[in-house]
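Shown next, in structure tokens, is the structure this report addresses.
The values are calculated or read from the model by the stated rules, or taken from the named source; none is laboratory data. Nothing here was measured: the structure is a model prediction, and the numbers come from that model. Positions of Cβ are backbone-derived with ideal geometry, glycine not excepted, and every protein chain shown enters the neighbour counts. We work out accessible area using only protein heavy atoms, side chains counted, and drop any ligands, DNA or RNA first. Shrake-Rupley method; radii C 1.70, N 1.55, O 1.52, S 1.80 Å.
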Amino acid sequence: MSRIGKSPITIPEGVEVKIEGNVVTVKGPKGTLTQEFLPCVTIAQENNEIKVSIDNENNGNIHGLTRTLINNMVIGVTKGFEKTLEVNGIGYRAQKQGKKLVLTVGYSHPVEIEEIDGITIDVPNPNTIVVKGIDKQLVGQVAANIREKREPEPYKGKGIKYASERIIRKEGKAGGKK
């Protein structure tokens, strides 16, 4: 049995959880999230807690995953999630134009990215991008899509990287005369 899966999820004040078979709907102050889970997992609500149990002990990884996904839904509708990206490089910058993120990252044209429903993209300064939302997976995917437009290169560190990411730098070409 999964150690993570065994621990119950506490439902905070102002959050409403609705369980219909294997479909869980979590409603809170920031929005509503719905997700369907595998039939081998049993989800039950007792008082202020959600408990996840599994039919077969061989599916321990699904047990822990299901519990974590439900917990992320509860955290998302109460606090939300955010990822911060940094734009590094001379002339590289990001700016917000209406619902579009416009990146100038060394191409001959600016790169435009549309905001998706449920996700907000903020640009507090030209070198910082903040992606916010209630769905952890969607926030991570949008941040990865933005980073993909110009991944950081290992020689000068130019590109778009996560704020917590550390770029392993390579030494440049050893130029000597012969």
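What the table shows:
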{"read-out": "Principal-axis tilt of helix 60-78 within the chain, Cα atoms, nearest 10 degrees", "value": "80 degrees"}
{"read-out": "Of all accessible heavy-atom area on the chain, the percent that carbon and sulfur account for (1.4 Å)", "value": "47 percent"}
{"read-out": "Surface per residue (accessible, 1.4 Å probe) for the chain, Å²", "value": "63 Å²"}
{"read-out": "Cubic angstrom per residue, convex hull over Cα atoms of the stretch 95-138", "value": "81 Å³"}
{"read-out": "Low-density loop positions, chymotrypsin sites (Phe, Trp or Tyr not before Pro), the stretch 99-178 - DSSP coil, at most 10 other Cβ in 10 Å", "value": "Tyr107"}
{"read-out": "Per-residue [θ]222 nm for the chain (sum of -39500 (n - 2.57) over DSSP H runs n ≥ 4, rounded to 500)", "value": "-6500 deg cm²/dmol"}
{"read-out": "Number of Lys pairs (Cα under 27 Å; 8 or more positions apart or on different chains) in the stretch 75-157", "value": "24"}
{"read-out": "Loop-located trypsin sites (Lys or Arg not before Pro) in the stretch 99-147 whose Cβ has at most 13 other Cβ within 10 Å (DSSP)", "value": "Lys99"}
{"read-out": "GNM result for the chain, Cα springs below 10 Å: residue of Ile168, Ile160, Ile62 fluctuating most strongly", "value": "Ile168"}
{"read-out": "Cα-based helix-to-principal-axis angle, 136-148 vs the chain, degrees rounded to 10", "value": "10 degrees"}
{"read-out": "Of Glu86, Glu148, Glu46, the one that fluctuates the most in a GNM where the chain has Cα springs shorter than 10 Å", "value": "Glu46"}
{"read-out": "Cα-projected label distance for Tyr162 with Val111, points at 7 Å along beta-carbon direction, nm", "value": "1.7 nm"}
